[in-house]
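Have a look at the structure below before the remarks.
No lab work stands behind these numbers, since they all come straight from the coordinates. This one's a predicted model, so the numbers in the text were calculated from it and none came from an experiment. Note: ideal-geometry Cβ built from the backbone for every residue, glycine included; neighbour counts use all protein chains shown.
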Amino acid sequence: MTALAQWKCARCDVPLELKKTEFEYMERSFSHAVPTCPKCGDVFIPPELAEGKMAEVEEQLEDK
Amino acid sequence: MTIISNTRSVCPKCLTQIDAQLVREGDDVYLRKSCPSHGDFSTIVWRGMSDEFDNWWKYKAPSGDAPNCPNDCGLCAKHLQKTCCALVEVTSRCNLRCPVCFADAGSGTSEPTVAELYETFKRLCRNGNTFVQLSGGEPTMRDNLPEIVSAARRAGCETVQLNSNGIRLGREPEFVRALADAGLSFVFMQFDGTCDEVHKTLRGQPLLSDKLAAIEVCSKLRLGVTLVPTLVPGVNMDDVGGILRFAVEHAPAVRGVHFQPISYFGRFPHPPRDEDRVTLPEVLRAIETQTDGKFKIANFVPSSCDHPRCGFHGDFVILPKGLLMKLTPKYNPDACCAADSHLKNRKFVARRWTRPKSNGQKEATDYHNMDNFLARVKSHGFTVSAMAFQDAYTLEIDRLRRCSLHVIDGEKTVPFCARYITQI
């Protein structure tokens, strides 16, 4: 797992916090806790999420 | 009357390849052709043009011709699509004698042995064709069908589909258990309507209770069942919505519905007239109007694996209380020519028609949560699709060249519509 403590926001230089975030993916909206900058709100999608669940969603929604 | 495009077809009487034209008359499209020896022919191929169907006509036919198609068929360099599903006939026997049958089943007794079939499956897998449909005739006429399924698995087939009328499946649960144990993936079950009148008209027998029994047996073994209605004007076109409601009510055991407008090959009572035909836009309109818009035309896209006018599909998830979540992405007209479209389709079909094993966990219903969403898509995915097979009247060489459903005919591999094409 990507350790949350190791990430800082490049712009604001503050540690990221885990926050439930709404996002749109493959024309659907999902809610998932992702590392977020408490100052500017930018989010970081960890590789585990991108290559894990998000890839699985993509596979399920992939068209023929 | 306006000419949409020039194309190539065959004479329905001698099957010689001839020039043809797609002609628009009002809101309808006809395939018109003339054989020097047998005269003029005109057949309806598309009833009701509308903006909603623009995507179906965006396809640009490839350049070049295939002058020997389909008479010298066996896939050749002129064919434009690889094999998605390989259909293997395991018997010509059948326990029904339907007035209309593409395979003209019921005659002949010679059958390939399990050892011969194993060699066929091995050859298919060596060529990367790992999705087989066991067909016939009625495959369940063979007592050793579980051995055939097992042989396909041993040869390396990843997906083994059974095409069946379901009669034996409903009556002999132990036979179905043996098929499941041997590695059967799912069942493609003939299902023409929700009342016995339809079955009596099309199959000569009241079969509804047999179909229900087959679904129940398969459900207990978690074998997915996809319902396959043959749509015939004046028989079951008004039952399209009823069939969909029935399928939704029997989900997740039922994984979807695959509509097949009637085509005239093999055995049929008389040469078809235009009023004997159902075209794809009519099926889509029936789906929307007969379900009060629960399924919408806009939820469906043309086939990307075959020619876009050969079929359509829509992907859904059934939510609690029978609500539907639409999954179908936007149609990409360029996808139909992608080199890997046959592989994508193979994966898609296997994923959607297979019923996954239960994980035993109680399901949560917040589908904004990715875990819950994924669990529901897998357990309650529901696919509505259609395929318009071509017969000697409706056949276009362009469409045939894009076919991905291939029949294994001895050493040859032949597109479905070319394999069963029947002259008058």
- line: Sorted by chain and number, the residues with a modelled amide H under 5 Å from that of A:THR21, at a separation of 5 or more or across chains, are A:HIS32, A:ALA33, A:VAL34
- line: Assertion target for B:ILE262, B:ILE3, ordered by fewest C-beta neighbours within 10 angstrom first, is B:ILE3, B:ILE262
- prompt: What number, rounded to the nearest 500 deg cm²/dmol, is the helix-based mean residue ellipticity at 222 nm of chain A, given -39500 (n - 2.57) per DSSP H run of at least four residues and division by all its residues?
  reply: -5500 deg cm²/dmol
query: Where in segment A:24-56 does the amide nitrogen come within less than 20 Å of the point 7 Å from the Cα of A:ALA10, taken along Cα to Cβ?
result: A:34-51
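Please compute one quarter of the surface area of the Cα convex hull for the protein assembly as shown and express it in square nanometres. Present the calculation step by step, with values, prior to reporting the outcome.
Details: hull surface 102.7 nm².
That works out to 25.7 nm².
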query: Starting at 0 and stepping by 5 Å, how many percent of the alpha carbon pairs of segment B:2-68 end up in each bin?
result: 4, 15, 23, 23, 18, 11, 5, 1
Net charge of neighbours whose Cβ lies under 14 Å from the Cβ of B:SER50, counting Lys and Arg as +1 and Asp and Glu as -1: -3
- request: Between the alpha-carbon centers of segment B:194-259 and segment B:261-305, tell me the distance in whole angstrom.
  value: 16 Å
task: Could you pull out every one of the lysines with an alpha carbon less than 19 Å from that of B:LYS33, ignoring same-chain neighbours closer than 8 positions?
output: B:LYS13
- prompt: How are the C-alpha pair distances of segment A:4-61 spread across 5 Å bins, as whole percents from the shortest bin up?
  reply: 4, 19, 26, 22, 15, 10, 4, 0
- request: Any chance you could run the full-extension gain for B:GLU249 through B:VAL114? It's 0.36 nm times the residue separation minus the Cα-Cα distance, nm to one decimal.
  value: 44.8 nm
Cα centroid separation - segment B:98-157 against segment A:1-34, whole Å: 52 Å
task: Provide the FRET efficiency to the nearest 0.05 for the B:ARG123-B:CYS14 pair, computing r from the beta carbons and using R0 = 30 Å.
output: 0.35
- prompt: Of B:GLY241, B:GLY74, B:LEU208, whose Cα points farthest to the positive end of the dipole of the protein assembly as shown (charges on the beta-carbon: +1 Lys, Arg; -1 Asp, Glu; origin at the Cα centre)?
  reply: B:GLY74
message: Given points 7 Å out from each Cα along the Cα-Cβ axis, report the B:ASP371 to B:GLU52 separation in nanometres with one decimal.
response: 4.0 nm
- prompt: Which pairs in the list A:LYS20/A:LYS53; A:LYS53/B:LYS344; A:LYS53/B:LYS362; B:LYS220/B:LYS326 are over 18 Å apart, alpha-carbon to alpha-carbon?
  reply: A:LYS53/B:LYS344; A:LYS53/B:LYS362; B:LYS220/B:LYS326
statement: If R0 = 51 Å, then B:SER63 and A:LYS39, at their Cβ-Cβ distance, give a FRET efficiency to the nearest 0.05 of 0.30
message: Counting only other residues whose beta carbon sits under 14 Å from that of B:THR109, what net charge do I get with K and R as +1, D and E as -1?
response: -1
field: Expected 222 nm ellipticity per residue - DSSP helices of 4 or more, -39500 (n - 2.57), all of chain B, to 500
entry: -8000 deg cm²/dmol
statement: Binned at 5 Å starting from 0, the alpha-carbon pair-distance distribution of segment B:213-332 in whole percents comes out as 2, 10, 18, 22, 19, 15, 9, 4, 1, 0
- request: Sequence neighbours fewer than 8 away in the same chain don't count; with that in mind, list the lysines whose C-alpha is under 19 Å from B:LYS412.
  value: B:LYS78, B:LYS82, B:LYS122
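Under a Cβ-only charge scheme (Lys and Arg +1, Asp and Glu -1), can you give me the dipole magnitude of segment B:178-274 about the Cα centre, in debye to the nearest 20?
So the dipole magnitude of segment B:178-274 works out to roughly 200 debye.
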- prompt: Sequence-distant or interchain residues sharing an amide H contact under 5 Å with B:CYS94, placed H: which?
  reply: B:GLY106, B:GLU138
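Please report, in debye to the nearest 20, how large the charge dipole of the protein assembly as shown is about its Cα centre when each Lys and Arg carries +1 at its beta carbon and each Asp and Glu carries -1 there.
That gives a dipole near 660 debye.
Hey, got the average number of other protein chain Cβ atoms within 10 angstrom for residues in B:364-376?
Mean inter-chain Cβ contacts per residue within 10 Å come to 3.
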- line: Mean 1/r over distinct Cα pairs of chain B, inverted to a Kirkwood Rh in Å, yields 22.0 Å
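Given Cα pairs under 8 Å that are at least 6 residues apart, what percent is the relative contact order of chain B?
Answer for chain B is 20 percent.
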task: Starting from the alpha-carbon convex hull of segment B:85-232, give the projected area averaged over all orientations, in nm².
output: 8.1 nm²
Modelled FRET efficiency - R0 30 Å, B:GLU411 with B:LYS78, Cβ distances, 0.05 increments: 0.95
task: Straight distance only, please: which aspartates and glutamates reach the Cα of B:LYS347 with their own Cα at less than 16 Å, same-chain residues fewer than 8 apart left out?
output: A:GLU56, A:GLU58, A:GLU59, A:GLU62, A:ASP63, B:GLU158, B:ASP306, B:ASP315
task: Just rank B:LEU395, B:LEU223, fewest to most, by other beta-carbon atoms within 10 angstrom.
output: B:LEU223, B:LEU395
message: Using the Karplus curve 6.51 cos²θ - 1.76 cosθ + 1.60 with θ = phi - 60°, what ³J(HN,Hα) values do you get for each residue of segment B:309-321, in whole Hz, with x for Gly and Pro?
response: 8, 8, x, 8, 8, x, 10, 9, 10, 8, 8, x, 6
